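Here is the structure we will look at.
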Amino acid sequence: MHPGPGSSQRPNEDSFAAVADLVIVADGATAPDGLGTGCVHDPRWYSRELTAQATAAHVRYRDASLADILSTAISATADAHASTCDPGHPGTPSSTVVMLRARAETLEWLVLGDATLVLETPHGLNAICDDRLFQTNKELRNQVLRTTADDPKRPARIAALVDAQRNFRNVEGGFWVAASDPNAAYKARADTERLAAGTTWRAALLTDGASAAVDTYGLTDWHGLLNLLDAAGPNGLLESVRKIEADDPAAQRYPRIKRSDDATVAYLTGAPE
Ligand SMILES: [Zn+2]
């Protein structure tokens, strides 16, 4: 498992936890300066609190579904700052989430928001991402992508995009993320794969800063990504991502909203007991 901040100027806003048979990776959303959040905490507080609450719920309710665990964690996290903040604010902190639970003969997974799970089993190779965010505000997003990272027009365009996205967050027809509505957990993509005893499998849980290796930079395909993780570990993958970003500081060759995004990878291999 490896977390890497996207910038040396600020801490990584991703968070991860592994306990017993559960792994969870969360990516807290950054709010541009000037847009209110109704929250006194820094952005990484939310993703850290959420992973801690999910871990606690998993330990407490062993047979709960992943959606139930995440829903409980979203409620508990909202409660944890209700006395100092306004969790009902449209800009309240939010996070994408990817979870994997490996038990004897089952692999359960959940993906909420634009995090990615790459899963290879005898049933095949699957890259699961919830891309509903990208179905909203396409023109505003393109306006950002048409500017280079050092264009003075860019910060205002990013703020306009984020502001517009708030209208689509956690509403039917929009996109779903962990924020303050526990119902969002049931809008996640989730499934259970049943495996014969002794089957081997590989899985990578990636925040969008790490999945960029494939979906933005085309460094390799999803199968190649698992092989890269096998050979060089999460550190090796993230070094490759950082090198591409450093070679394209203006985000010109690879148009993207963040010059360099926080990136976290959890890589797991196994065989059911
Ligand atoms: Zn708060």
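The values are calculated or read from the model by the stated rules, or taken from the named source; none is laboratory data. All values reported here derive from a predicted model rather than from experimental measurement. Note that each Cβ is placed from the backbone with ideal geometry, even for glycine, and that neighbours are counted across all protein chains shown. SASA here: full protein model, heavy atoms, side chains in, ligands and nucleic acids out. Shrake-Rupley method; radii C 1.70, N 1.55, O 1.52, S 1.80 Å.
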Specify the residue that is nearest to the ligand (Cβ to nearest atom); the eligible residues are those in segment 36-53 that are closer than 20 Å to VAL111 by Cα, out of contact with any Asp or Glu (no Cβ under 6 Å at 6 or more places or on another chain) and open to solvent by 10 Å² or more (accessible area, probe 1.4 Å).
GLU49
What number of residues in segment 153-175 are open to solvent by less than 70 Å² (accessible area, probe 1.4 Å), within 14 Å of THR37 (Cα to Cα) and not small (Gly, Ala, Ser)?
4
Qualifying positions in segment 230-255 - surrounded by 17 or more Cβ atoms within 10 Å (Cβ to Cβ), within 15 Å of THR207 (Cα to Cα) and not β-branched (Val, Ile, Thr)
PRO234, LEU237, LEU238
Which of the residues that make up segment 54-86 are open to solvent by 20 Å² or more (accessible area, probe 1.4 Å) and within 14 Å of the ligand (Cβ to nearest atom)?
ALA76, ASP79, ALA80, ALA82, SER83, THR84, ASP86
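Quick grid of which residues meet (1) among the hydrophobic types (A, V, I, L, M, F, W, C); (2) in a loop (DSSP other than H, G, I, E, B); (3) modelled with pLDDT of 95 or more:
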{"residue": "ASP114", "(1), (2), (3)": "no, yes, no"}
{"residue": "ALA127", "(1), (2), (3)": "yes, no, yes"}
{"residue": "ASP150", "(1), (2), (3)": "no, yes, no"}
{"residue": "PRO155", "(1), (2), (3)": "no, no, no"}
{"residue": "ALA160", "(1), (2), (3)": "yes, no, no"}
{"residue": "GLN165", "(1), (2), (3)": "no, no, no"}
{"residue": "ASN183", "(1), (2), (3)": "no, no, yes"}
{"residue": "ALA190", "(1), (2), (3)": "yes, no, yes"}
Check off (1) under 30 Å from TRP222 (Cβ atoms); (2) within 16 Å of the ligand (Cβ to nearest atom); (3) more than 16 Å from the chain's Cα centre (by Cα) for GLY28 and give me the number that stays unchecked.
(3)
Considering GLU105, GLU139, which residue is open to solvent by 70 Å² or more (accessible area, probe 1.4 Å), at pLDDT 95 or above and not β-branched (Val, Ile, Thr)?
GLU139
Within segment 120-156, residues basic (Lys, Arg) and under 26 Å from ALA178 (Cβ atoms) come out as ARG132, LYS138, ARG141
